[in-house]
1. Can you find a residue in the stretch 40-48 that is small (Gly, Ala, Ser), in a loop (DSSP other than H, G, I, E, B) and modelled with pLDDT under 60?
2. Quickly run through the stretch 144-169 and pick out the residues that are hydroxyl-bearing (Ser, Thr, Tyr) and surrounded by fewer than 21 Cβ atoms within 10 Å (Cβ to Cβ).
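The values are calculated or read from the model by the stated rules, or taken from the named source; none is laboratory data. Please read all numbers here as calculations on a predicted model, not as lab measurements. Glycine also receives a Cβ, built like all others from the backbone with ideal geometry; neighbour counts cover every protein chain displayed.
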Amino acid sequence: MLHFQGQRAARAGALARAALAGALALASCTAYEPYPVCDFSAYQSFGLDQAPPTGPALVSPVPGALQPMPLDTVNVTDRDILRKVLVQSVAARRTETETVQVSAKLVNCTDHPLQVEGRTHFYDAAQGEAEPVSAWQRLMLSPRTVTTYSERSVGADQVTSYLVELREGR
């Protein structure tokens, strides 16, 4: 009987040490969010207290009727994706045939797949449409991933600026 009690005490001590080691290991672990981690408050407040856009912008012929819409950027036109997708970057370049290629990196900040549609307006130096707006292009974004929207102008010389529109897929 004495031998049995000694084994029980040894087992209890081993279990206590294992439980303590497990608790210490869990306490030292830090829980991380899966990437990408999006901060919509920073994104939405960016620029609200700054001066109006200094680059090209679409402006209303009636002063104060419409806030200037910056060109050479992405405009999210759909409230349904305002807290789902962030624009990581946008850029344009002249191709080898002198057309303009616009690219925008989009981040799906959700834990589920999204359909996003984009289209591009190409403008001339007078901010008139240099060509008809492109067709809506559907993009499939897996959860918490980055994808690139890309569009090329048809014309070459007349394109001087652009505006990309984004909406949730329909």
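1. Among the residues of the stretch 40-48, at least one is small (Gly, Ala, Ser), in a loop (DSSP other than H, G, I, E, B) and modelled with pLDDT under 60, which makes the answer yes.
2. The initial filter retains those residues of the stretch 144-169 that are hydroxyl-bearing (Ser, Thr, Tyr), namely 145, 147-150, 153, 160-162.
Correct list: THR145, THR147, THR148, SER150, THR160.
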